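Enquirer: One structure coming up, written as structure tokens, with questions to follow.
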Amino acid sequence: MTKYQDNQFFINNTLTRSKELFAPLNPPHVGLYVCGPTVYGDPHLGHARPAVTYDLLFRYLKHLGYKVRYVRNITDVGHLESDADEGEDKVLKKARLEQLEPMEVVQQYTNRYHEAMNALNILPPSIEPRASGHIIEQQVMAEKIIEKGYAYESNGSVYFDVLRYNKDHHYGKLSGRVLEDMVSDARKLGRQEEKRNSVDFALWKKADPAHIMRWPSKWSEGFPGWHLECSAMSKKYLGDHFDIHGGGMDLMFPHHECEIAQSVAATGSDAVRYWMHNNMVTINGQKMGKSLGNFITLEELFAGSHELLEKSYSPMTIKFFMLQAHYGSTLDFSNEALGAAQKGLARLMGAVNALDKMEPGDAGSFNIGEFEQNAYRAMNDDLGSPVLIAHLFDAARYINTTLAGNDSVSANDLEELRRLFRTFIFDVLGLKQEGDRETEDLSARLVELLLNIRLEVKKKKDFELSDRIRDELSEFGIVVKDKKDGFEWEFGE
């Protein structure tokens with residue numbers, strides 16, 4: 001977790017060690033803002049990494065007793081194909097390709113994102129605002145920045161004046177970039193005549209005639225700039241100053257750098273106390289991308305339907321795989337790594353079940369108090385989930401050894417171990433028990449086989465046998481619905 005102060009950067013590992021870091025309220029309050037998805041495609045591994053990271057932070061802060069307002073936005077307008085304010089709006093492009101209204105695209109992929117997050121047992125945020133629902137707030141913020149002299153109108157668009165801002169403040173302090181180098185690189189790439197300088201970025205863009213996502217403003221009919229959205233929405237729901245802003249490392253520049261500049265220009269001071277960035281997911285050492293053929297959606301992972309996958313992997317396997325790496329490190333995806341995560345998760349869940357079978361006896365060799373201290377120390381050290389998991393494996397070994405009769409545990413220690421083990425696995429890490437996927441898949445295939453046989457039986461007009469198959473499946477809790485062109489079925493109660 002990175003905090004900047006007086007243009008100096010340092011790594012801060014004390015975020016959750018002291019409640020004095022936050023407002024001295026009772027309980028202490030924490031404002032958390034995370035850049036959510038741009039909803040123009042199916043959720044993929046790149047969406048899962050930040051979701052798991054900030055779910056861990058949200059859960060742990062709540063576990064420590066903080067009252068957290070967690071805001072995670074939905075970007076449904078203004079995110080263009082290029083960071084240079086060029087190209088087509090990503091949502092609009094998808095709508096054109098699929099011949100849908102843009103908000104149909106937004107709703108469709110927002111629903112899919114929520115379904116995937118639910119499968120991963122990701123807690124919903126306190127507030128989930130959409131950019132398109134906060135146009136007025138963005139226009140007001142743009143007007144204020146113009147009044148302060150840090151933005152200008154040009155041909156119906158409004159741009160942030162980066163060079164003017166940098167005279168009074170430091171543009172680039174989060175990412176460590178030097179403005180002179182950025183200006184030089186921008187000149188090599190070409191200059192947009194509408195802007196005073198190539199490094200300037202849009203607060204409001206005038207819509208061309210083909211752009212159907214547009215709103216009226218004093219400057220033109222247009223749409224907001226991508227960077228302005230998060231500044232306006234975080235201000236609305238968390239105030240001028242809040243505690244933590246998160247997102248992927250790829251957003252540090254230009255998105256978060258621009259957010260800082262906008263907030264300082266509008267209010268005169270930094271809005272964010274702590275910036276937190278999760279690292280990227282690679283696949284077999286390569287950056288994930290559609291052009292490389294290694295772009296895997298979460299649905300493909302759960303179904304095992306991508307050509308790079310040897311089999312399907314459960315949502316909890318995916319989540320546990322990500323939690324085994326520190327959020328700030330690169331995470332390399334492979335079938336081998338996922339297979340290892342699957343086995344590790346099974347070990348922990350097996351230990352959870354074994355706890356219910358353990359009987360108290362004499363005091364054993366495992367120090368429960370030390371285990372608790374080590375677990376909290378790991379999480380307090382910059383959300384060290386890999387170290388926490390290592391301590392949980394140590395506890396799992398003790399649980400299995402005790403169950404086998406080679407160690408013992410006192411009644412008080414057993415009660416405390418059950419509480420701590422479940423707390424860290426379920427409440428903090430956010431894992432949950434899953435059914436045996438291989439058994440479930442086999443059961444589903446057997447049901448399909450029986451129902452297809454039943455179709456053949458019905459064609460031969462053997463209705464007695466057909467009804468018998470349906471009724472006996474019903475006794476196993478399987479609900480069968482006959483249709484003109486076949487059947488539907490589901491597991492009932």
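Enquirer: Would a scan of the stretch 254-272 turn up a residue that is farther than 29 Å from S198 by Cβ and of a type in the set (D, E, K, R)?
Expert: No, because not a single residue in the stretch 254-272 is farther than 29 Å from S198 by Cβ and of a type in the set (D, E, K, R).
Enquirer: Check whether at least one residue in the stretch 52-59 is among the polar types (S, T, N, Q) and surrounded by fewer than 22 Cβ atoms within 10 Å (Cβ to Cβ), and report yes or no.
Expert: No, the conditions are met nowhere in the stretch 52-59.
Enquirer: I've got another one for you. Taking A390 as the residue in question, decide whether it is free of Cβ contacts under 8 Å to residues at least 24 places away in the same chain, surrounded by fewer than 17 Cβ atoms within 10 Å (Cβ to Cβ) and under 24 Å from the mean Cα position of the chain (by Cα).
Expert: Criteria met by A390.
Enquirer: Just to be sure I understand the filter: pairs with C-beta atoms under 8 Å, separated by 6 or more residues or on different chains, first member in the stretch 163-180 and farther than 18 Å from D250 by Cβ and free of Cβ contacts under 8 Å to residues at least 24 places away in the same chain, second member buried (at least 16 other Cβ atoms within 10 Å of the Cβ) and aromatic (F, W, Y). Which pairs pass?
Expert: R164/Y150; L179/Y171
Enquirer: Applying the selection to the stretch 361-380, what residues are surrounded by fewer than 19 Cβ atoms within 10 Å (Cβ to Cβ), under 15 Å from F424 (Cβ atoms) and in contact (Cβ under 8 Å) with a residue 24 or more places away in the chain?
Expert: Listed by number, the residues that qualify are E372, N380.
Enquirer: Hey, can you tell me all the residues within the stretch 244-265 that are in contact with a Phe, Trp or Tyr (Cβ under 6 Å, 6 or more places away or on another chain) and more than 18 Å from H170 (Cβ to Cβ)?
Expert: Matches in the stretch 244-265: I244, G246.
Enquirer: Within the stretch 69-92, how many residues are under 19 Å from P50 (Cβ atoms) and buried (at least 19 other Cβ atoms within 10 Å of the Cβ)?
Expert: Residues flagged as under 19 Å from P50 (Cβ atoms) and buried (at least 19 other Cβ atoms within 10 Å of the Cβ) within the stretch 69-92 amount to 9.
Enquirer: Could you list, in sequence order, all residues of the stretch 212-241 that are among the aromatic types (F, W, Y) and either within 19 Å of the chain's Cα centre (by Cα) or crowded, with 23+ Cβ neighbours inside 10 Å (or both)?
Expert: We begin by selecting, within the stretch 212-241, every residue among the aromatic types (F, W, Y); these are 215, 219, 223, 226, 237.
Scanning the stretch 212-241 gives F223, W226.
Enquirer: How many residues are among the hydrophobic types (A, V, I, L, M, F, W, C), free of Cβ contacts under 8 Å to residues at least 40 places away in the same chain and closer than 28 Å to K235 by Cα when one looks only at the stretch 86-134?
Expert: Count: 1.
Taken together, the values in this text are just the output of simple stated rules run on the coordinates, not laboratory data. Here the structure is a predicted model, which is why all the values come from computation and not from measurement. Cβ sites come from the backbone with ideal geometry, for glycine too, and all protein chains shown count toward neighbours.
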